[in-house]
Structures are given as structure tokens and as C-alpha cells.
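In what follows, a single structure is set out as C-alpha cells and then discussed.
None of the figures in this text is laboratory data; all of them are computed from the coordinates on show. Given the structure is predicted, the values throughout are model-derived calculations rather than measurements. Note that we place each Cβ from the backbone using ideal geometry, even for glycine, and neighbour counts take in every protein chain shown.
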Amino acid sequence: MASSLLRVALHRVVSHRSVHLTKVRPSMVIGFGGPVQLAEDRDPNLNPIFHESLTNPIPDKPRTLKYTGDLATLKEMEVGDWKKLSVEDQMDLYNSFFGASIADMCRGQDDWKSVFGACMIFISFGLLLHLFIHLYINPPYVWTTLDEDWVKASIKRQIQSHAGDITGYSSKWDYANNRWK
Amino acid sequence: MYPYSFIQLTDSNTFFGHEIVLFHDFSLASLVFILTAVLLMSKALKKKKYVVLAYKGSNMLEFLWTFFPVFILISIGLPSLYLMYLLEGSFKGDLTFKVVGHQWYWSYEGGDFNDFDMSSYMVPSEDLQEGQFRLLEVDNSMVLPYSTNIRLMITSYDVIHSWTLPSLKMKVDAVPGRLNTMNIFSFQPGSFYGQCSEICGLLHSFMPIHVEFVNWETFLNHVTEESFN
């Protein structure tokens with residue numbers, strides 16, 4: 001129960017935002033693996049293992065397994081002339097079979113924005129910590145072999161030993177005039 | 001020797017080194033081709049214009065996506081095998097030297113010079129003079145004559161090490177109880193560095209190799225001096 005609660009909560013954090021940046025139909029929630037339901041609120045009429053995607057656009061079993069009430073009436077009307085069905089009725093029938101339209105599946109989701117934002121927050125904490133250490137816990141300077149004088153001396157040594165005479169330092173040194181080419 | 005911020009293969013001083021660099025460039029070009037093709041294909045598939053409604057088979061497609069990878073693999077494999085047998089080919093060595101790996105230094109013995117035995121330890125960073133290379137300088141470097149076919153027999157005293165010289169495109173494992181033979185020939189005199197390339201314990205990163213190629217006179221003087229020491 002805790003895992004399904006977590007799944008629903010995370011799904012709500014990811015899919016629902018204060019500002020809807022994508023046009024989502026209000027009658028439906030797009031989720032992975034089918035409609036999102038809590039165990040105690042599980043609707044027995046909905047197919048719990050319903051899955052649709054671009055590679056499996058028409059699942060074997062519909063989203064609604066048992067048609068009751070208004071849906072049952074619409075199902076009977078579906079057998080007859082479709083011109084008698086209003087646009088809302090057609091949409092209800094479509095929604096009863098499928099979870100999302102092809103356009104909805106192609107639209108993509110904006111989960112990445114939450115993930116990206118969380119990553120940026122953690123990275124910024126790390127950078128702030130690094131800056132703090134750099135400013136206030138600065139270790140004393142120790143000589144290294146990457147100091148400018150040392151690097152120059154090592155390059156001079158490489159030139160003197162003719163190291164890298166095709167693509168290295170020696171190839172760019174003018175030995176006749178004792179300067180860089 | 002590598003310049004600072006260098007990411008390519010270093011200049012090679014042997015014939016085989018040039019061949020290895022050419023083969024490396026060729027196989028890298030193949031890999032870049034494969035990567036570009038795959039990226040372009042994945043970019044095309046991500047457009048989401050395509051919806052799978054039914055799965056069909058295609059023998060021609062299956063043949064093509066088997067044939068092309070096999071073709072690419074053979075085109076990389078054949079030069080690789082050719083180069084491998086070329087490196088190991090029959091080679092008459094004018095000189096023979098033995099390289100023995102220890103934890104954590106190298107020792108060089110002269111096969112043709114009975115009394116020649118020398119150990120080569122890394123110079124610690126604190127004892128370096130300005131301009132010397134960190135973790136590469138040694139107290140006794142191996143001195144060899146250039147323009148000479150030299151046979152090196154490499155082994156180890158304790159654990160597996162690897163005798164590496166990137167400038168000569170050499171990497172030979174030093175395996176205890178086994179003699180690995182490699183031939184070395186340098187076009188010109190010079191100073192070449194390498195490092196142990198097989199994890200061998202605590203100081204694996206601190207057992208470098210330094211080889212100096214000199215003329216025969218200097219080489220013989222060096223051998224005589226070391227034999228007397």
C-alpha cells in the first residue's frame with residue numbers, strides 16, 4: 001500500500017504542475033502502465049494491466065472492462081448509426097477504450113523538467129560547498145610540476161632531447177635560429 | 001614524449017609504430033562512421049511520425065543488417081591480424097637484453113654482456129630538478145644503441161607487470177615464469193619514457209621506464225661502466 005501511495009504521489013508531482021504547459025484533456029490522467037489508482041479506490045471496471053504506447057497503439061483489452069450505467073447505454077448506441085452520437089458521446093466511448101490519443105502519446109511528457117530541476121539543485125549545493133571550501137578553507141600553496149616555470153623548463157628539456165619531432169614541441173622549434181617557428 | 005594537453009598517439013620511432021598509428025586512424029574512422037550512422041538513425045526514429053500497426057518480416061533487411069556489420073568487422077580484423085603477425089614475425093636480433101619486473105622497479109640484464117645488471121628505480125618527486133618529468137624520471141635508465149635490431153626478453157620476478165614504451169608503440173607483459181620476446185629498433189637517438197601498465201600492487205604507478213638510444217660508442221662505454229660497478 002505504501003508503494004502504490006508513493007507511486008501515485010510521485011506521479012502527481014511529476015505530471016501535475018501549477019501551470020499546465022501542455023494541453024491535457026481534463027478527463028484523463030496519462031500515466032505509465034495504465035490509469036493510476038490507489039488500492040482502496042480501485043475501480044473494478046477498469047483494466048489494471050492496460051498498457052498502450054506508440055509501439056502498441058491498439059491493446060488487446062480495452063481500458064474499461066465492464067460497461068455500466070451511461071457507458072452501457074453508449075455501447076449499445078455504438079452498434080447503431082454513429083451520426084446519432086454527439087461529439088461528447090464519441091469522446092466518452094474513445095476514452096473508455098483508450099487511455100490516451102496518438103497525439104497525446106506523441107506529445108511527450110515534461111518529466112524531464114522536474115528531474116533536471118532536481119539535478120540542478122543538487123549540483124548548485126555542491127558548487128556552493130566547493131566555493132565555501134575554496135574561500136574559507138584554503139590550503140597553503142605547494143609547488144607542483146605544473147607551475148609555469150617548471151612547465152617551461154620541461155618543454156625546454158623536450159626540445160633539447162628532440163622529443164616529438166613530428167607533431168610535438170621539437171617540430172615547432174627552429175633549431176637554426178633558436179626560437180619558435 | 002607527449003606535449004601537455006595532448007590527446008593523440010605520440011610520434012613513433014619505429015617502422016611498426018607507424019603501421020600501428022595508421023591502423024589506429026583507420027579503425028577510429030570506421031568507429032566514427034558507425035557512430036554517425038547510428039546517431040542519424042536514432043534522430044530519424046525519434047520524430048514520432050511513425051506508429052507501429054503491424055510487424056512484418058523482411059529477409060532482405062535482415063541480410064543487410066547482418067552483412068554490413070560483418071563487413072565492417074572483417075575490414076577492421078584483417079589489417080589487425082596482418083599487423084599482429086608482422087610484429088611477431090621472424091626477426092634477427094643483433095643484441096639481446098633481458099628486462100625483469102619487480103615490485104616495484106625494473107632491472108635490466110645484458111644477455112650478451114654477462115656482467116651487466118642494473119636496477120632502475122623512480123626518482124621521488126621531492127628529488128626532482130626543475131624541468132624533470134614527474135613519475136617518469138629514473139636513477140638508471142636503459143641505454144641502447146639506435147639503428148640496431150635489439151631483442152628484448154621480458155619477464156617478472158614476482159607478479160605480472162607490463163613494460164611499456166608509447167613512443168615505440170611497445171607494450172609487453174612481464175609474466176613470472178615466462179619469457180616474452182619483443183624486438184625493438186629505433187630510427188634515431190632519443191630519450192623515451194614509459195610506465196608499468198599492469199596493476200602490480202601499491203607502487204604500480206611509480207615504476208617508470210626510461211630508455212635512451214645512443215650511438216654504439218656511448219652504448220659500449222655505458223655497458224662497460226655498469227659492468228664494473
task = Please check chain B for the longest run free of trypsin sites (Lys or Arg not before Pro) that are loop-located per DSSP (anything but H, G, I, E, B) and have at most 14 other Cβ atoms within 10 Å.
result = B:93-177
task = Could you please report the charge total around residue B:169, scoring K, R as +1 and D, E as -1 over all other residues with beta-carbon less than 11 angstrom from its beta-carbon?
result = -1
message = Cα atoms only: what Rg and Dmax, in Å, come out for region B:68-181?
response = 17.6, 58
note = Sorted largest first, the C-alpha extents of region A:42-116 along its principal axes in whole angstrom are 49, 28, 21
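Once you sort the root eigenvalues of the Cα gyration tensor of chain B as a ≥ b ≥ c, which label holds: rounded (a/c under 1.5), prolate (a/b larger than b/c) or oblate (the other case)?
Numbers: a/c = 2.72, a/b = 2.23, b/c = 1.22.
Judged from the Cα gyration tensor, chain B comes out prolate (a/c at least 1.5, a/b above b/c).
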task = For residue A:145, enumerate residues with amide H under 5 Å from its amide H, sequence gap 5+ or separate chain, H modeled in the peptide plane.
result = none
message = I need the GluC sites (Glu not before Pro) found in region B:1-90, filtered to DSSP loop residues with at most 15 other beta carbons within 10 Å of theirs.
response = B:88
task = Hey, can you grab everything whose amide H is under 5 Å from the amide H of residue B:140? Only 5+ residues off in sequence or another chain; H modelled, so Pro and N-termini drop out.
result = B:121
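Note down the net charge around residue B:114, summing +1 for each Lys or Arg and -1 for each Asp or Glu among other residues with Cβ under 13 Å from its Cβ.
-4
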ask   = Fewest to most neighbouring Cβ within 10 Å: what's the order for A:120, B:1?
value = A:120, B:1
ask   = If R0 is 25 Å, what FRET efficiency do you get for residue B:6 and residue B:75 from their C-beta distance, rounded to 0.05?
value = 0.30
key: Hz values of 3J(HN,Hα) by residue in region A:99-115 - Karplus curve (6.51, -1.76, 1.60), Gly and Pro given as x   = x, 8, 7, 4, 4, 5, 5, 6, 4, x, 10, 10, 4, 4, 5, 5, 5
key: Largest to smallest principal axis extent of the C-alpha atoms in region B:38-126, angstrom   = 80, 43, 18
request  = Tabulate in residue order the Karplus-calculated ³J(HN,Hα) for region B:191-207, using 6.51 cos²θ - 1.76 cosθ + 1.60 with θ = phi - 60°, rounded to whole Hz; enter x for Gly and Pro.
outcome  = 10, 10, 10, x, 9, 4, 10, 9, 4, 9, x, 4, 9, 4, 7, 10, 10
ask   = Shape of region B:122-228 from its Cα gyration tensor (a ≥ b ≥ c, root eigenvalues): rounded if a/c is under 1.5, otherwise prolate when a/b > b/c, or oblate?
value = oblate
task = Can you quote the Å³ per residue value for the convex hull of the Cα atoms in region B:15-88, rounded to an integer?
result = 88 Å³
request  = Taking H placed 1.01 Å from N in the peptide plane, check which residues at least 5 places from residue A:167 or on another chain put their amide H under 5 Å from its amide H.
outcome  = B:11
query = Which helices count as membrane-span-like in chain B under these terms: full DSSP H, at least 20 Å along the axis by C-alpha, Kyte-Doolittle mean of 0.0 or more?
reply = B:15-45, B:59-87
remark   = Counting all Cα-Cα pairs in the protein assembly as shown, those more than 42 Å apart amount in percent to 49 percent
